[in-house]
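Below is a structure I'd like to ask you about.
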Amino acid sequence: MKVRTRYAPSPTGFFHIGGARTALFNFLFAKHNNGTFICRIEDTDTDRNVEGGVESQLDNLEWLKITPDESVRTPGEFPPYIQTQKIKRYQELANKLLQEGKAYYCFCTKEELQAQRTIALEKGLTPKYNRKCLNLSKAEIQQKLKDGVPAVIRLKMMDGIEIKWLDLIRGNMTVPTSALTDPVILKSNGIPMYNFAVVVDDFDMQITHVLRGEEHISNTPYQIAIKEALGFDKQPIEYGHLSIIVDESGKKLSKRNSELKQFIEDYKQMGFMPEVITNFLSLLGWSPKDTKEIMNTDEIIRQFDIERVSKAPAFFDFKKMLWIGNEYIKNMSDETYLQWIKPFIKFDKQSFKNDSVLDLVLLIFKPQLSYATQVNGLVDHTFLSTNLKDLSSEMHSTIKSDNFQKCIKSLEHVLSTYDEITLTNGNEIVNKVKEDTGLTAKNLYFPIRFVAIAKEHGPEMNKILTVVGKEQILKNIKMLEN
């Protein structure tokens, strides 16, 4: 059977790192096995759905180039790809289970269920439904329905058996039904519960493999039981449960951790390349056979092996993401880099005299960047926050020193012999000051750099001089003289 995997988000929030990792692993597994990757939207929890939630999922999947073969945007032969469009299908199947005696109506109120839960916890037992409604007579059921008593439909779990599956990541898994309850499959408003809708969707879309977070392990035995009750078990599905993602403290990545950006949109706005995020996410719980860590998506697809997916917690190492980002940027051609980074500029481009100087400024910082918006702070700090007025008393003393004065007076004279400073003649100008003054090392470079950008450290000297320009440097010298 052709491999068909799925990513099935609920539009109750925006595209999270954990969801992106799940989507990516399903995509990689499908593509490595020449299969199909599907995205469907599980939107039956209508009270929690957020505006723009669906668009956030699909737009960011496409941005990451984890593009589904089938989705609400590109439907295939198994529509619909959004759960609220197939409510009737779920209801028909739930009623079929009722008629077959595999499910039953439950009229218990929330208060009754909470009371049962409290009693179980007080006795140190796992809370389970006590099957109060299982043995209601047909007459009692009909009367309650006639009276409009709210009713859910529960699946009757088989007693005294074990539900088993071979997990693609964790190996043999076994859960006794004695540890399970009779799950609600259809709510009183006719909306299906998650576990029921998932089973129906996976069957209808001919899903063959399900990779998802380990928090879904507890759902798997229920889904297997529902699948068997519906007679869907002739269409096998293999499950694999990915490890949790943890932060620096070893705690599960939580949306409450505000110090760590956790939504793909955040990284997109910061100016991370999508290939960087995909590369980084692929290493959260999976490792290639060799030690290579910088890989494009095609390389990752070729190497992806489910047997190399670990069940140990995956560490969200932001420093590694920065390193990967830096490697990608350094490997870009200058032309591609300039085209990519310019939309992220927030500083005033008019601060630089022409496009060539602007390009030079952007290229100066290329080797330092991990993401695009970093360039704004670097440009501002190096070239736009020059302050030669409010100097410390120590710096005033330095400026008045003989070597400093000798250096900038020579620089002023040398610059007067040039029409403009360029990358070609920038080093030549510095060498002429050196010959004229006999100064070397810090005594030579510090005064020139300081009079240009008011910084002790900075980029290469010829680049600094070219960016700042002859006119501004001469103005700065006059300012220091006063």
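Hey, if you put +1 on the Cβ of every Lys and Arg and -1 on every Asp and Glu Cβ in region 249-328, which of SER249, GLN262, PRO274 ends up farthest toward the positive end of that dipole?
Among SER249, GLN262, PRO274, the one farthest towards the positive end of the dipole of region 249-328 is SER249.
How high is the relative contact order of region 293-422, in percent, counting Cα pairs under 8 Å that sit 6 or more residues apart? Intermediate results must be reported in sequence, preceding the final value.
Working: 47 pairs, mean separation 30.5, N = 130.
Value for region 293-422: 23 percent.
Using 0.36 nm per residue of separation minus the Cα-Cα distance, give me the extension gain between LEU113 and LYS251 in nm, one decimal.
Working: separation 138, 0.36 × 138 = 49.68 nm, distance 3.22 nm.
So the chain would gain 46.5 nm between LEU113 and LYS251.
Okay, next question. List the extent of the Cα atoms of region 422-482 along each of their three principal axes, largest first, rounded to whole Å.
Projected onto its principal axes, the Cα set of region 422-482 covers 26, 23, 20 Å.
In addition: Share of region 90-130's accessible area from carbon and sulfur, percent, 1.4 Å? Each step should come with its number before you reach the end.
Details: 1400 of 2680 Å².
So the carbon and sulfur contribution to the accessible surface is 52 percent.
Also, quick follow-up: When all protein chains stay in place, what accessible area (Å², nearest 10, 1.4 Å probe) is found for LYS478?
Surface accessible to solvent at LYS478 totals approximately 100 Å².
I've got another one for you. Let me know the Rg and Dmax you get for region 325-482 when you use only its Cα atoms, in Å.
In Å, with Rg to one decimal and Dmax whole: 16.4, 47.
Next question, about the same structure. Hey, what did region 35-146 get for relative contact order, percent, Cα under 8 Å, at least 6 apart? Intermediate values should be presented prior to the final figure.
Working: 70 pairs, mean separation 23.6, N = 112.
Answer for region 35-146 is 21 percent.
Another question, if that's okay. Excluding ligands, DNA and RNA, what is the solvent-accessible area per residue of region 206-306 at a probe of 1.4 Å, expressed in Å²? Numbers along the way, then the final one.
Values: 4470 Å² over 101 residues.
For region 206-306, the per-residue accessible area is 44 Å².
Round to the nearest 10 and give me the degree value, 0 to 90, for the angle of helix 110-122's Cα axis relative to the longest principal axis of the chain.
Approximately 80 degrees, to the nearest 10.
Quick check: the angle from helix 53-63's long axis to the longest principal axis of the chain, C-alpha only, nearest 10 degrees?
Between helix and principal axis, roughly 50 degrees.
Give the average over all directions of the projected area of the C-alpha convex hull of the chain, one decimal, in nm². Intermediate values should be presented prior to the final figure.
Details: hull surface 126.2 nm².
For the chain, the mean projected area of the Cα convex hull comes to 31.6 nm².
Return P(r) of region 235-277 (all Cα-Cα pairs; 10 Å bins starting at 0; whole %; ordered from short to long distances).
21, 35, 30, 12, 2
Under the 0.36 nm per residue contour assumption, what length would be gained going from the current alpha-carbon distance of LEU166 and GLN235 to full extension?
Stretched out fully, the LEU166 to GLN235 stretch lengthens by 23.3 nm.
Just to be sure I understand: of the beta bridges DSSP finds with both ends in the chain, what percent are antiparallel, rounded to 5?
55
What is the local net charge at PHE25, summed over the other residues whose Cβ is closer than 12 Å to its Cβ (Lys, Arg +1; Asp, Glu -1)?
With Lys, Arg at +1 and Asp, Glu at -1, the net is +4.
What accessible area per residue, rounded to a whole number of Å², is obtained for region 390-482 using a probe radius of 1.4 Å? Working shown, then result.
Working: 4990 Å² over 93 residues.
Value for region 390-482: 54 Å² per residue.
Averaging the inverse of every distinct alpha carbon separation and then flipping it gives the Kirkwood radius. What is it for region 187-330, in angstrom units?
Numbers: mean 1/r = 0.0564 Å⁻¹.
Across region 187-330, the inverse of the average 1/r is 17.7 Å.
Provide the FRET efficiency to the nearest 0.05 for the GLU460-ASN376 pair, computing r from the beta carbons and using R0 = 30 Å.
Details: r = 21 Å, r/R0 = 0.69.
Once rounded, the FRET efficiency stands at 0.90.
Taking all protein chains in place and a 1.4 Å probe, what share, in percent, of the accessible surface of region 253-318 do carbon and sulfur account for?
Details: 1570 of 3370 Å².
After summing per-atom areas, the C and S share lands at 47 percent.
How large is the translational diffusion coefficient of region 99-157 in µm² per second when you combine the Kirkwood radius over alpha carbon pairs with Stokes-Einstein at 37 °C and 0.692 mPa s? Mind showing how you got there, number by number?
Details: Rh = 12.5 Å.
Answer, rounded: 262 µm²/s.
Would you mind calculating the gained length between THR417 and ASP290 on full extension (0.36 nm times residue separation, minus the Cα-Cα distance), in nm to one decimal? Don't jump to the answer; show the numbers that get you there.
Details: separation 127, 0.36 × 127 = 45.72 nm, distance 5.81 nm.
Length gained between THR417 and ASP290: 39.9 nm.
So how tilted is helix 402-415 from the main axis of the chain? Cα-based, degrees 0 to 90, rounded to 10.
Roughly 90 degrees, rounded to the nearest 10.
Taking the Cβ-Cβ separation of SER393 and ASP348 as r and a Förster radius of 41 Å, what is the calculated FRET efficiency to the nearest 0.05?
Working: r = 32 Å, r/R0 = 0.78.
The formula returns an efficiency of 0.80 here.
Hey, can you find the accessible area per residue of region 1-141 for me, probe 1.4 Å, expressed in square angstrom?
Values: 7180 Å² over 141 residues.
On a per-residue basis, region 1-141 sits at 51 Å².
While we're on this one: Given R₀ = 30 Å, what would the calculated FRET efficiency be for GLN85 paired with GLU215, taking r from the Cβ atoms and rounding to 0.05? Walk me through the numbers on the way to the answer.
Values: r = 27 Å, r/R0 = 0.89.
Rounded to the nearest 0.05, the efficiency is 0.65.
Stokes-Einstein diffusion coefficient for region 303-350 at 25 °C in a medium of 0.890 mPa s, Rh from the Kirkwood formula over Cα pairs: what value in µm²/s? Provide the component values of the computation, followed by the final result.
Details: Rh = 14.2 Å.
In µm²/s, the coefficient rounds to 172.
Cysteines of the chain lacking any other cysteine beta carbon under 4.7 Å?
So, CYS39, CYS108, CYS407.
The values are calculated or read from the model by the stated rules, or taken from the named source; none is laboratory data. Since the model is a prediction, treat every value here as computed from it, not as a measurement. Note: ideal-geometry Cβ built from the backbone for every residue, glycine included; neighbour counts use all protein chains shown. Each accessible area value is taken on the protein alone, full model and side chains, heavy atoms only, with ligands, DNA and RNA left out. Shrake-Rupley method; radii C 1.70, N 1.55, O 1.52, S 1.80 Å.
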